[in-house]
Amino acid sequence: NQTITVQEGNHTQKTTLTDGKGRYTMALPISLVHPLGKAPIIASTMYNHTMYLSDTVFVNIQKIPTSLTFFTNATHVYVNESFHIFGRLFDYKNRGIHATVSFHIAGYNRSFETDETGNFSAVFNETLPFGVYPMFVAFISENIYTSCESRRLAIHVDTPTSLTLFASPARMSVGETVLCTGQLKSLIDGSPVPQRTIEVMLNKKQVGSG
């Protein structure tokens, strides 16, 4: 039943009693505002009017590891069509983190907060032209948590189109050549869609492309 005082630097000081074998156990809480780096821990006791000190033990206070999941409700959208993103920010013990995360796609950066369980959800409704765009979510930490990034996903922005086909001549003999012409247009504004491969099928078999 000897009183033992354990002190961690200048931040935490707690006391406990030894058991019948002179042993003691103590848990020292590390606050969320504790400075990072090495922290000295020392135990002391007063016995027969004499102060006894243990050797100093150093523990390394590190940032808490984090992870960030990222999902979307669609991998293909049309031009001017919005899509949803969602995910969760959490630490290595699967505890949700309430913080600000940022969404990145095609030069757009959008920031929003997670809730108390670390979940986030948002709608992206900016207009992206036809193409494929990588996107991800990032967490930049300036406190006790490590920064992290989600996996990369890709969104395909498609254009609804119409395709015309004209065959000349309409009648031909075996061995003759038929000339196929047409145009691929956007259904959004009627503009032509360039640099697209067109396949020509005859009786469900591809007979040409260009």
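The values are calculated or read from the model by the stated rules, or taken from the named source; none is laboratory data. Remember, it's a predicted structure, so these values are computed and weren't measured experimentally. As a convention, Cβ positions derive from the backbone with ideal geometry for all residues, glycine included, and neighbour counts pool all protein chains shown. The protein model used for the area step is the full one, side chains on, heavy atoms only, and it has no ligands, DNA or RNA in it. Shrake-Rupley method; radii C 1.70, N 1.55, O 1.52, S 1.80 Å.
Yes or no: region 56-77 includes at least one residue that is at pLDDT 90 or above and under 19 Å from Leu17 (Cβ atoms). The answer is no, given that none of the residues of region 56-77 is at pLDDT 90 or above and under 19 Å from Leu17 (Cβ atoms). Counting only residues that are touching a strand residue (DSSP E or B) at 6+ places or on another chain (Cβ under 9 Å), farther than 15 Å from Ala122 by Cβ and not hydroxyl-bearing (Ser, Thr, Tyr), region 78-91 holds 4 of them. Residues in region 5-23 that are surrounded by 10 or more Cβ atoms within 10 Å (Cβ to Cβ), farther than 19 Å from Ile144 by Cβ and out of contact with any Leu (no Cβ under 7 Å at 6 or more places or on another chain): Thr5, Gln7, Gln13, Thr15, Thr16, Thr18, Asp19.
Taken over region 1-21, residues that are outside any strand (DSSP E or B) and more than 44 Å from the chain's Cα centre (by Cα) amount to 6.
Each residue in region 125-159 was checked for being among the polar types (S, T, N, Q) and in contact with a Leu (Cβ under 9 Å, 6 or more places away or on another chain), and 3 pass.
Show the residue pairs meeting these rules: Cβ distance below 6 Å; 6+ apart or different chains; first residue within region 134-151 and among the β-branched types (Val, Ile, Thr); second residue open to solvent by less than 40 Å² (accessible area, probe 1.4 Å) and assigned to a loop (DSSP other than H, G, I, E, B). Qualifying pairs under 6 Å: Val137/Ser150. Within region 171-191, being under 30 Å from Tyr78 (Cα atoms), over 37 Å from the mean Cα position of the chain (by Cα) and not aliphatic (A, V, I, L, M) holds for Cys180, Thr181, Gly182, Gln183, Gly190. For region 82-105, a residue qualifies if it is within 21 Å of Arg152 (Cβ to Cβ) and either loosely packed, with under 14 Cβ neighbours inside 10 Å or modelled with pLDDT under 95 (or both), and the qualifying residues are Ser82, His84, Thr100. Within region 24-47, the residues that satisfy the criterion of being farther than 14 Å from Ile4 by Cα, open to solvent by 60 Å² or more (accessible area, probe 1.4 Å) and part of a loop (DSSP other than H, G, I, E, B) are Pro29, Ile30, Ser31, Leu32, Val33, Pro35, Leu36.
Pairs are defined by a Cβ separation below 6 Å, a sequence spacing of at least 6 or placement on different chains, a first member in region 53-68 that is farther than 23 Å from Glu149 by Cα, and a second member that is assigned to a strand (DSSP E or B) and open to solvent by 80 Å² or more (accessible area, probe 1.4 Å); the pairs so defined are Phe58/Lys38; Asn60/Lys38. I'm checking my understanding of the structure. Among residues of region 133-180 that are of a type in the set (A, V, I, L, M, F, W, C), open to solvent by 80 Å² or more (accessible area, probe 1.4 Å) and part of a strand (DSSP E or B), which one is nearest to Ser82 (Cα to Cα)? Looking at residues that are of a type in the set (A, V, I, L, M, F, W, C), open to solvent by 80 Å² or more (accessible area, probe 1.4 Å) and part of a strand (DSSP E or B), I get Leu163.
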